[in-house]
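**Q** Have a look at the structure that comes next, please.
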Amino acid sequence: MSAAPSLAENGREQAFDVVVVGAGFAGMYMLHRLRELGFSVRVFEQGSDVGGTWYWNRYPGARCDVESMQYSYSFSDELQQEWEWSERYAPQSEILKYARHVAERFGLRTDIVFNTRIERAEFDEGDSAWEVTTSDGRTVRARFVVFATGCLSNARMPDIKGLAGFAGQVYHTGHWPHEGVDFSGKRVGVIGTGSSSIQSVPVIAEQASHLFVFQRTPNFSIPARNAALTADERDAFRRNYPEIRRFAREEARNGIYAEPPDRGALDDGENTRRDKYEQRWTKGGLTFMLAYNNLLLDKAANDTAADFVRDKIAEIVKDPETARRLQPDNHPIGTKRICVDTDYYAAFNRPNVTLVDIRSTGIEEIRPHAVRVAARDYEIDALVLATGFDAMTGSLAKIDIRGRGGRTLNQKWTEGPKTYLGLMSEGFPNLFIITGPGSPSVLSNMIVSIEQHVDWIADCLAFLRKRTMTTMEANREAEEQWVAHVNDVAHQTLYPQANSWYMGANIPGKPRIFMPYIGGVGAYRKICDDVAAKGYDGFTMTAKAAERVAATS
Ligand SMILES: Cc1cc2nc3c(=O)[nH]c(=O)nc-3n(C[C@H](O)[C@H](O)[C@H](O)COP(=O)(O)OP(=O)(O)OC[C@H]3O[C@@H](n4cnc5c(N)ncnc54)[C@H](O)[C@@H]3O)c2cc1C
């Protein structure tokens, strides 16, 4: 440690340089980096193990939708060379195994306290430190707090009349039982048709005696074309990792290595365009949207891709009425996170699967043995809520975070989240957020974004320590400019046209603000690096002694 004042060294019990909240991929890597730099760190995790998303989301069919060779840490070449991904898109169990492997390999567990929620964090202005309260009533102090609480970690329970009185089992995809669920011979209802539903429906359909899928909004989904990875495919990635990772970090908009488009959709004639979409459809996966460079900018261009997928749905689904209902028609393709599936649309050809459209009627009521829609009861034995998350801000909002003057983060964010670079919020010194609102986060391969934020925060804390600074805070003006910029960039695209969870639209009463930064991970990284190179432009750093002088003068 340097000469900088260190809470861990001042003899107090349970005092650390940094408290990290959450032990998903973000919290784990944050811990690793900070320990390497010699900071004392304690991580608190409410679950009983590492892995975050992959610890909680154990529903049938759960897997990543960014290819595993890319949806993995890049910080250790040994790690990426030695880990064997079995499939193009690894299943949840394998990603969790990977997270556990990383925890063991880097000896992370000794500094993680499991089964412990952080309920409250209060900034002590006199001491420039955070007092953090755990769910078992303990208090720990830390100079800095890093919230690695996840963007999709606060499962959203729908407010449906009668839900509490349902006689069968109710499961949320984001809180799936560890022992698994066997739906054999059961009549099952799935509420929601977002990504978790699209992944789980084909799998549940194979077990259930009958499956009812309750759909409010149809979503666009592209086939995953998942398959076992061959040794040659793995080796090709491993050999080319330096370039693949560089491209994903610096050049890609979404943190994924893929051939970038060189033209707009309307620059090609209809036949060429259809051929290109067909190639992307056959290849499968999220890069479908990279067929052209203006699909998220120009509605006419977007319509060509949306029509292509709608035609595919009509081709796959035999019943024309079901096909029509599955065809998304209320948002441009890609403006809600595009889904990646294995046989989702084909599942509706099975005699034991029924699509129930609730767009105009909603669900009237859940009865002890049925879901009632438009005065009709759909009898079920088990209910699956695939109703998503209070995204990006939900997990932070559940913590009582108090900054300067006792002001809570929820009070500050009443009209929507405000951050500078998605990393810090004015009035909350020494508090960092990983992949927070205002950063590319959920619009990207999130491990790329996580590693970038962790590295930036780690470098920043080392910078503060070297200069014996104890407090860092975003400036209001810089924050306002950043919020305006995030908003401006979003409105140059088609994204705000969708009522998506990017906008908070899935949570009643949540302010409608486009939360992630659309500028792209490469451009965003340059901005963050530039801010750091200019001595953390837009932030104020102070030393404790100076603050005391200022306070008494
Ligand atoms: C089903 C699903 C599939 C996904 N697939 C992909 C994909 O293919 N590609 C991609 O880029 N992204 C994907 N994501 C997004 C995914 O969340 C991120 O990729 C990544 O795992 C996030 O890591 P994290 O550490 O930031 O957050 P998380 O993994 O969400 O971890 C946050 C942790 O913080 C803990 N926590 C929260 N609040 C508290 C508290 N108050 N006290 C203590 N602990 C707390 C939570 O328990 C959780 O373990 C997916 C998300 C879901 C839900």
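**Q** When the stretch 400-452 is examined, which residues are found to be more than 27 Å from residue 256 (Cα to Cα), open to solvent by less than 10 Å² (accessible area, probe 1.4 Å) and modelled with pLDDT under 95?
**A** 416
**Q** In contact with a Leu (Cβ under 6 Å, 6 or more places away or on another chain), open to solvent by 10 Å² or more (accessible area, probe 1.4 Å) and small (Gly, Ala, Ser): is that true of residue 533 in this structure?
**A** no
**Q** Still on this structure: Among (1) within 20 Å of residue 54 (Cβ to Cβ); (2) away from the ligand (no atom under 16 Å from the Cβ), where does residue 199 come up short?
**A** So residue 199 meets the others, but not (2).
**Q** Also: If I go through the stretch 192-226 residue by residue, how many of them are of a type in the set (A, V, I, L, M, F, W, C), in contact with a Pro (Cβ under 8 Å, 6 or more places away or on another chain) and open to solvent by less than 10 Å² (accessible area, probe 1.4 Å)?
**A** 2
**Q** Still on this model: Tell me whether the stretch 111-127 contains one or more residues that are more than 9 Å from the ligand (Cβ to nearest atom), basic (Lys, Arg) and within 24 Å of residue 216 (Cα to Cα).
**A** no
**Q** Okay, moving on. For residue 86, are the conditions met, namely being within 14 Å of the ligand (Cβ to nearest atom) and either modelled with pLDDT of 95 or more or of a type in the set (Lys, Arg) (or both)? Reasoning before the result, please.
**A** Working: within 14 Å of the ligand (Cβ to nearest atom): no; either modelled with pLDDT of 95 or more or of a type in the set (Lys, Arg) (or both): yes.
No, not satisfied.
**Q** Let me ask something additional. Is it fair to say residue 92 is of a type in the set (S, T, N, Q) and in contact with a Cys (Cβ under 9 Å, 6 or more places away or on another chain)?
**A** Details: of a type in the set (S, T, N, Q): yes; in contact with a Cys (Cβ under 9 Å, 6 or more places away or on another chain): yes.
Considered against the rule, which asks whether it is of a type in the set (S, T, N, Q) and in contact with a Cys (Cβ under 9 Å, 6 or more places away or on another chain), residue 92 comes out as yes.
**Q** Check the stretch 324-341 and report whether any residue there is outside any loop (DSSP other than H, G, I, E, B), open to solvent by 10 Å² or more (accessible area, probe 1.4 Å) and among the polar types (S, T, N, Q).
**A** no
**Q** What number of residues within the stretch 265-323 are outside any helix (DSSP H, G or I) and of a type in the set (Asp, Glu)?
**A** Count: 3.
**Q** Which residue pairs have Cβ atoms closer than 9 Å, lie 6 or more positions apart in sequence or on different chains, and pair a first residue in the stretch 232-249 that is closer than 17 Å to residue 79 by Cβ with a second residue that is open to solvent by less than 70 Å² (accessible area, probe 1.4 Å) and among the acidic types (Asp, Glu)?
**A** From residues that are closer than 17 Å to residue 79 by Cβ, the pairs are 237/67; 249/451.
**Q** Can you tell me which of 133, 149 is touching a Ser or Thr at 6+ places or on another chain (Cβ under 6 Å), part of a loop (DSSP other than H, G, I, E, B) and not hydrophobic (A, V, I, L, M, F, W, C)?
**A** From the options 133, 149, the qualifying one is 149.
So that you can scan it fast, the table gives a plain yes or no per residue for (1) farther than 30 Å from residue 445 by Cα; (2) open to solvent by less than 10 Å² (accessible area, probe 1.4 Å); (3) among the aromatic types (Phe, Trp, Tyr):
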{"residue": "117", "(1), (2), (3)": "no, no, no"}
{"residue": "123", "(1), (2), (3)": "yes, no, yes"}
{"residue": "133", "(1), (2), (3)": "yes, no, no"}
{"residue": "137", "(1), (2), (3)": "yes, no, no"}
{"residue": "152", "(1), (2), (3)": "no, no, no"}
{"residue": "171", "(1), (2), (3)": "no, no, yes"}
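**Q** In addition: Quick one: residue 31 ticks every box in (1) open to solvent by 30 Å² or more (accessible area, probe 1.4 Å); (2) more than 9 Å from the ligand (Cβ to nearest atom); (3) of a type outside the set (Ser, Thr, Tyr) bar one, so which box is it?
**A** (1)
**Q** Considering each residue of the stretch 56-97, count those that are hydroxyl-bearing (Ser, Thr, Tyr), under 24 Å from residue 36 (Cβ atoms) and either in contact (Cβ under 8 Å) with a residue 40 or more places away in the chain or in contact with a Leu (Cβ under 9 Å, 6 or more places away or on another chain) (or both), and give that number.
**A** 4
**Q** Restricted to the stretch 472-489, and to residues that are charged (D, E, K, R) and part of a helix (DSSP H, G or I), which residue is least open to solvent (accessible area, probe 1.4 Å)?
**A** 479
**Q** For the stretch 38-71, give me each residue that is open to solvent by 30 Å² or more (accessible area, probe 1.4 Å) and at positive phi.
**A** Residue satisfying the conditions is 38 alone.
**Q** Exactly one condition in (1) of a type in the set (Phe, Trp, Tyr); (2) within 16 Å of the ligand (Cβ to nearest atom); (3) in contact with a Gly (Cβ under 6 Å, 6 or more places away or on another chain) is not met by residue 176; state its number.
**A** Against the list (1) of a type in the set (Phe, Trp, Tyr); (2) within 16 Å of the ligand (Cβ to nearest atom); (3) in contact with a Gly (Cβ under 6 Å, 6 or more places away or on another chain), residue 176 comes up short only on (3).
**Q** For the stretch 490-518, which residues satisfy the criterion of being open to solvent by 20 Å² or more (accessible area, probe 1.4 Å) and either hydrophobic (A, V, I, L, M, F, W, C) or in contact with a helix residue (DSSP H, G or I) (Cβ under 6 Å, 6 or more places away or on another chain) (or both)?
**A** 496, 501, 503, 505, 507, 512, 513
**Q** For residue 469, all conditions in the list (1) part of a helix (DSSP H, G or I); (2) of a type in the set (A, V, I, L, M); (3) more than 16 Å from the ligand (Cβ to nearest atom) hold save one; what is the number of the exception?
**A** Going through the list (1) part of a helix (DSSP H, G or I); (2) of a type in the set (A, V, I, L, M); (3) more than 16 Å from the ligand (Cβ to nearest atom), residue 469 breaks only (1).
**Q** Still on this structure, I have one more. Condition first: out of contact with any Ser or Thr (no Cβ under 6 Å at 6 or more places or on another chain) and part of a loop (DSSP other than H, G, I, E, B). Now tell me which residues in the stretch 152-168 satisfy that. Reasoning before the result, please.
**A** As a first pass, look at the stretch 152-168 and keep what is out of contact with any Ser or Thr (no Cβ under 6 Å at 6 or more places or on another chain): 152, 155, 157, 159-168.
Correct list: 152, 157, 159, 160, 161, 162, 166, 167, 168.
The values are calculated or read from the model by the stated rules, or taken from the named source; none is laboratory data. All figures in this text were calculated on a predicted structure; none of them were measured in a lab. Every residue, glycine among them, receives a Cβ derived from its backbone with ideal geometry; neighbour counts consider all protein chains shown. Surface accessibility is based on the protein's heavy atoms, side chains included, excluding ligands, DNA and RNA. Shrake-Rupley method; radii C 1.70, N 1.55, O 1.52, S 1.80 Å.
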